[in-house]
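The values are calculated or read from the model by the stated rules, or taken from the named source; none is laboratory data. Small disclaimer: the values here were computed from a predicted structure and weren't measured. Cβ atoms come from the backbone with ideal geometry, glycine included; neighbour counts cover every protein chain shown. For the accessible areas, the whole protein counts, side chains as well, though only heavy atoms, and no ligand, DNA or RNA atoms are used. Shrake-Rupley method; radii C 1.70, N 1.55, O 1.52, S 1.80 Å.
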Amino acid sequence: MTQEALTQERTWQGTAVSSGVAHAVVHVLREDFDEPDADPITADEVEAELARWHIAMDATHREIEELKEMVSTEERSAEADIFDTHLLILEDVSIRKHVEKTVREKLICVDAIYYRLMCKHMDALRGLADSYLRERFLDIKDITHRVMRHLRGELLQHPMFDDPVIIVAHDLTPSDTVQLDRSKVLGFAIETGSGNSHAAIIARSLGLPAVVRLHGITDELHSGDPVLLDGDEGALILNPTPATLSKYRSREQQAEKREDALHETRHQPSVTLDGMAIQVCANAEFVEEMGDIRDSGAANVGLFRTEFLYLEDPEGTEDWLADNYTRAVKIIAPGQVIFRTLDIGGDKVDEQLASEQEPNPFLGWRGIRVSLGRRDMFKRQLRALLRAAAQGPIGIMFPMVSDVGEVRAAKELLDECANELSAEGYPPPQQVEIGAMIEIPSAALTADLIATEVDFFSLGTNDLVQYTLAVDRLNERVADLYSPTHPAVLRLIALTVEAARRAGIRVCICGEMAADVEVLPLLIGLGLDEISVSTGQIARVKHAIRKLNASECRSIIDACRHLGCPKEILGLSRDMAHEMYSDLF
Ligand code: PEP
Ligand code: MG
């Protein structure tokens, strides 16, 4: 490839899931290992470096021989042939010579030299018309992965960065995300996923641009490549030219102006034109977000997803948890922090806890089910929360509630913890409200029963939509069917609000649809008391609330009653939104 081709601008189009623009080099997280950095070595280290590589190559050889042995039956001779091909690639003399020579000449670690050479071979094969030869690309990829895995003993599993980077990955799990050095990450470019995955939610919380469905980019990009990531339009631009950068700079300046204007009004109350007050609160995943939340105009923290702190250290002690929760409470007091107890499971997996893989994790051991099944772990969290409550008002809400019995069982444990702490001499909590997340249709349908046990409801529409419509929130194949404005979802929300009204408790919505100002007229029309969104959206949502009439919003709910199509319902709400606050679009 010519130098010109290597530095040419190239654009990939994906789906924008978190807005903003970032310009930096990428760090590619491979499916099962990181692309190695080109770390320098000294001339004295060359022999040890090559010995390390030979050990990895030998280990890979043995591994493939064993696999070949396993499938060496008559019926599976085709599979055995594949492993012969792999052994040929592994033993290729020209590859071995090239790696040894390059490590000696360039004095760069063998991981980077070997990996890049194999990538070159893969690139060459991938473009070929002949499908047989194209398939060999997969063979080389397989071998490369195996060798790299054997070398990985020397690689950092969770890289630290000296300079800011944009993370490129096939998939990014919540546990990957918490292990990254967040102070250096400027954005996420992901091959799979959707706007409802927790990685996307985290990106929005941290105010970082994120683009998903960028198919094939982990094969096309290498760590160190300069890119521009556009989280508004869903584009990833490799080697952006000066003209592109200047176009983006002026766009950014305009966006900054708009944001500054909104920022000025962030502390104004969020009351509709006809006098209905709606609290706007913040969603958070990390204690370090609390400072920004305090300054964002948010009334309270409406949802603190405690599982991210847990994933940082699953063995964390009660003291460690209490310290972290207390820090959050102190920053937000006299405002309230609503802590959601652990919602492990689904896409937030703790390998140790879930010792075996579940066939349908979102329908499996998740949320309150895990907490009630792991009493000691649950009590550790509840005790830490009650200890933090001595420093300011908190809420404790339970995720994935499917019936009132789970809430009662959780409250019994909470009482037990409160009694223990009092006997142990801990200072009493200030104010602790209890809430249930309504995110499973069975909870919405029995909201009247659950309401007798709690002080508030919080609608988790990210899950309520997936469980109501049988549409996996992460599955891009069915992403078009994921419709928060489906009449079934709106009816479940209406039932929940009605049950809350009867019981005299408040209802909040903390799912991602709450931040979509195009559906805000529907949410106000349905009668929600509180809206909880990521910090970056607070000023925008408050601004929109101030432009709406609650009575007009109620009339679109009436008009929707006979509409069956989510798009039509969205259309009515969108028209009102664009008429009342066109400046936001
Ligand atoms: C939800 O389901 O809407 C919610 C807020 O919880 P999570 O996205 O963490 O599942
Ligand atoms: Mg949920």
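Which value at 222 nm does the chain reach when only helices count, each DSSP H run of 4 or more adding -39,500 (n - 2.57), with the total divided by all residues and rounded to the nearest 500 deg cm²/dmol?
Calculated from helices alone, the mean residue ellipticity at 222 nm is -15000 deg cm²/dmol.
If R₀ is 45 angstrom, what is the calculated FRET efficiency for the pair Phe585 and Leu353, using the beta carbon separation as r and rounding to 0.05?
Rounded to the nearest 0.05, the efficiency is 0.55.
Just how far, in whole angstrom, is region 238-289 from region 335-368 if you go by their alpha carbon centroids?
31
Just going by the charge dipole of region 279-438, with Lys and Arg at +1 and Asp and Glu at -1 on Cβ, which of Asn283, Phe362, Leu321 is farthest out on the positive end?
Ranked along the dipole, the leading option is Asn283.
Would you mind computing the Rg to Rh ratio of region 288-378 from its alpha-carbon coordinates, Kirkwood style for Rh? Provide the component values of the computation, followed by the final result.
On the way: Rg = 14.7 Å, Rh = 14.4 Å.
Ratio value, two decimals: 1.02.
Under 5 Å between amide hydrogens, which residues at least 5 positions from Arg30 or on another chain qualify, with H placed 1.01 Å from N in the peptide plane?
Amide H neighbours of Arg30, under 5 Å, 5+ apart: Glu35.
Once both labels are modelled 7 Å past Cα along the beta-carbon direction, what's the Arg104-Arg62 spacing in nm?
2.8
With θ set to phi - 60°, apply the Karplus curve 6.51 cos²θ - 1.76 cosθ + 1.60 along region 425-431 and write out the HN-Hα couplings as whole Hz, x wherever there is a Gly or Pro.
For region 425-431, the Karplus curve yields x, 6, x, x, x, 6, 9 Hz.
At 7 Å along Cα-to-Cβ for each site, give me the label-to-label distance between His578 and Ala48 in nm.
Computed distance between label sites His578 and Ala48 equals 6.6 nm.
What length, rounded to one decimal in nm, is gained on full extension from Ser442 through to Val93, with 0.36 nm per residue of separation minus their alpha-carbon distance?
So the extension gain works out to 119.3 nm.
Ranked highest first by the average count of other Cβ atoms within 10 Å around their residues, in what order do 399-409, 261-271, 530-540 fall?
Put in order of decreasing packing, that is 530-540, 399-409, 261-271.
Work out, step by step, the length gained on full extension between Asp142 and Arg375: first 0.36 nm times the residue separation, then minus their alpha carbon distance; give nm to one decimal.
On the way: separation 233, 0.36 × 233 = 83.88 nm, distance 4.29 nm.
Working it through step by step, the gained length comes to 79.6 nm.
Normalised by the empirical 2.2 N^0.38 Å for globular proteins, what value does the Cα Rg of the chain take?
Against the compact-globule rule of thumb, the ratio is 1.08.
Cβ neighbours within 10 Å, averaged per peptide: list 48-56, 113-121 in order, most packed at the top.
Details: 48-56: 16.0, 113-121: 18.9.
The most tightly packed comes first, giving 113-121, 48-56.
Just to confirm, what accessible area per residue do you get for region 8-244 at 1.4 Å probe, in whole Å²?
That works out to 47 Å² for each residue.
Translational diffusion coefficient, Stokes-Einstein: compute it for region 279-438 using the Kirkwood radius over C-alpha pairs as Rh, at 25 °C and 0.890 mPa s, and state it as an integer in µm² s⁻¹.
Estimated diffusion coefficient is 155 µm²/s.
What pairs in Lys120/Lys247; Lys97/Lys120; Lys547/Lys567; Lys348/Lys411; Lys379/Lys542; Lys141/Lys348 have C-alpha atoms more than 26 Å from each other?
On the way: Lys120/Lys247 33 Å; Lys97/Lys120 16 Å; Lys547/Lys567 23 Å; Lys348/Lys411 24 Å; Lys379/Lys542 37 Å; Lys141/Lys348 28 Å.
Those over the limit are Lys120/Lys247; Lys379/Lys542; Lys141/Lys348.
If the chain between Ala409 and Met160 were fully stretched, how many nm would it gain, using 0.36 nm times the residue separation less the Cα-Cα distance?
This chain segment gains 85.4 nm when fully extended.
Let's see if you can work this out: charge +1 on each Lys and Arg Cβ, -1 on each Asp and Glu Cβ, no other charges. What is the dipole magnitude of the chain about its Cα centre, in debye to the nearest 20?
1940
With a 1.4 Å probe and all protein chains in place, put Lys411, Lys567 in order of accessible area, largest first.
Result, largest first: Lys567, Lys411.
Ignoring ligands, DNA and RNA, please state the percent of accessible area on the chain from carbon and sulfur, probe 1.4 Å.
The nonpolar share, carbon plus sulfur, comes to 50 percent.
Whose amide H sits under 5 Å from the amide H of Leu186, counting only residues 5 or more places off or on another chain, with H placed in the peptide plane?
Val165, Ile166, Ile167
List, in order, the whole-Hz ³J(HN,Hα) value for each residue of region 507-514 obtained from phi through the Karplus relation with A = 6.51, B = -1.76, C = 1.60 and θ = phi - 60°; use x for Gly and Pro.
10, 10, 10, 10, x, 5, 5, 5
Tilt of helix 318-332 relative to the longest C-alpha principal axis of the chain, in degrees (0 to 90, nearest 10)?
Approximately 60 degrees, to the nearest ten.
Which of the lysines could be linked to Lys184 by a straight reach, that is with a Cα gap under 20 Å, when you skip same-chain ones fewer than 8 residues away?
none
What accessible area per residue comes out for region 279-438, rounded to a whole number of Å², with a 1.4 Å probe?
I get 39 Å² per residue for this part.
Return the percentage of antiparallel bridges among DSSP beta bridges fully within region 279-438, rounded to the nearest 5 %.
Beta bridges within region 279-438, antiparallel portion: roughly 5 percent.
Mind checking the alpha-carbon convex hull of region 8-244 and giving the volume per residue in Å³?
Residue-normalised Cα hull volume stands at 151 Å³.
Per-residue counts of other Cβ atoms within 10 Å, averaged by peptide: what ranking do you get for 543-555, 201-213, highest first?
Highest-to-lowest ranking by the protection proxy: 201-213, 543-555.
In nm, to one decimal, how far is the Asn419 label point from the Leu273 one, both placed 7 Å along Cα→Cβ?
Rounded to a tenth, the inter-label distance reads 5.6 nm.
What residues qualify as long-range amide H neighbours of Asp232, i.e. H under 5 Å apart, gap of 5 or more or another chain, H built at 1.01 Å from N?
The answer is Gly20.
If I take every Cα pair under 8 Å that is 6 or more residues apart in the chain, average their sequence separation and divide by the length, what percent do I get for the relative contact order? Before the final figure, lay out each step's value.
On the way: 1072 pairs, mean separation 83.3, N = 585.
Normalised by residue count, the contact order of the chain is 14 percent.
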